[in-house]
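**Student:** Dumping the structure here so I can ask a few things about it.
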Amino acid sequence: MLICLKLILKQVSYEFIDEGGSHPGPRIIEIAEQKHPALIVMGTRGMGTVRRTLLGSVSDYTIHHSKVAVCVVPAELSSTQ
């Protein structure tokens, strides 16, 4: 949550959304279509290329289906913030 404090100090408008569910990719797109964000920021779990190819990834889904810009933060960076 350190990143949220940094956003507040810089007076950046943001909304942190944390929802469970069995199909997070489509849900992220649905929320984005409702809220019209300027940017979607999300982390990765750090899966390898083969595993991500076989299982798919939420960040890949979001990148390919979003109508707005998507920033994906690598697992190494997202875990330290």
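The values are calculated or read from the model by the stated rules, or taken from the named source; none is laboratory data. Source: prediction; values computed, not measured. Virtual Cβ from ideal backbone geometry, glycine too; neighbours counted across all protein chains shown.
**Student:** Looking at (1) assigned to a loop (DSSP other than H, G, I, E, B); (2) at pLDDT 85 or above, find the lone condition where VAL72 falls short.
**Tutor:** Answer for VAL72: the failing condition is (1).
**Student:** Where residues in region 22-53 are of a type in the set (Gly, Ala, Ser) and modelled with pLDDT of 80 or more, which of them is nearest to the chain's Cα centre (by Cα)? Full working, then the answer.
**Tutor:** So in region 22-53, the residues of a type in the set (Gly, Ala, Ser) come out as 22, 25, 32, 38, 43, 46, 48.
Filter once more, so that each one left must be modelled with pLDDT of 80 or more: 22, 25, 32, 38, 43.
Details: SER22: 16, GLY25: 9, ALA32: 11, ALA38: 13, GLY43: 5 Å.
Among those that are of a type in the set (Gly, Ala, Ser) and modelled with pLDDT of 80 or more, it is GLY43.
**Student:** Could you check how many residues of region 2-38 are assigned to a loop (DSSP other than H, G, I, E, B) and more than 18 Å from CYS71 (Cβ to Cβ)?
**Tutor:** Total satisfying the criteria: 6.
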